[in-house]
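Take a look at the structure below.
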Amino acid sequence: SRQGRPVTAGFGGPDQFGYSWIDSDEPGGPLFDYRDISSTGNLVVGLEDDNHVGPLRIGFSFPFYENEYIEFYIQSNGLISFFDETMPYENESITGSHSDRFGSFIAWMWDDLHPGQGPTNVYYETVGFDLIVQFVNYRACCNLEAGAVDAQVILSLNGQIRFQYKHFTHVSDGDE
């Protein structure tokens with residue numbers, strides 16, 4: 001939400017740096033193109049509750065805000081970052097206490113997540129001009145019944161960022 005109001009539009013921006021966003025359900029929105037890399041990608045090891053791993057190689061120079069990055073970090077609480085420091089799980093305003101990090105992380109699902117619970121895997125692979133980071137059965141903290149997500153974050157050579165959410169489960173009530 002923006003200043004406490006729910007986001008109802010399927011698109012927005014541009015911001016002061018030219019970034020805009022659009023949902024795949026909108027006319028002109030991106031196509032959902034989930035490229036499963038679980039059999040070809042690099043398995044990420046060491047993710048636990050409230051930590052990060054890296055640096056990992058992007059495979060090209062990725063332009064993001066006023067910088068170019070060749071390495072990234074996977075934060076356990078739903079962030080991709082370009083710095084070697086664990087971000088807290090509180091999904092606060094990015095203009096607040098984390099404003100110094102605003103241009104150096106991507107929040108694909110910033111929340112209290114726990115990749116060490118259950119059969120969770122994370123993979124990354126550079127395919128052509130895209131870095132794909134894939135989260136499989138990625139779980140919410142603090143119990144196995146809190147739900148999980150299968151998703152991808154794709155960073156492209158041209159600076160484009162795509163979030164693809166393949167499957168959400170919430171198993172506490174027995175439904176998928």
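Taken together, the values in this text are just the output of simple stated rules run on the coordinates, not laboratory data. Quick caveat: nothing in here was measured; it's all calculated off a predicted structure. When we count neighbours, we look across all protein chains shown, and the Cβ atoms used for this are built from the backbone with ideal geometry, even at glycine.
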Notebook entry, point to check: Taking Rh as the Kirkwood radius computed over C-alpha pairs, what is the Stokes-Einstein D of the stretch 5-69 at 25 °C in a medium of viscosity 0.890 mPa s, expressed in µm² per second?
Noted result: 154 µm²/s
Check: Measuring from label point to label point, each 7 Å out along Cα→Cβ, what is the Glu125 to Asn158 span in nm?
Finding: 2.3 nm
Next item on the list: Equivalent ellipsoid semi-axes for the stretch 34-81, as square roots of 5 times the alpha carbon gyration tensor eigenvalues: give them largest first, rounded to whole Å.
Entry: 19, 16, 10
Check: For Ile22 and Ile70 in one chain, what is 0.36 nm times their gap in residues minus the Cα-Cα distance, to one decimal in nm?
Finding: 14.7 nm
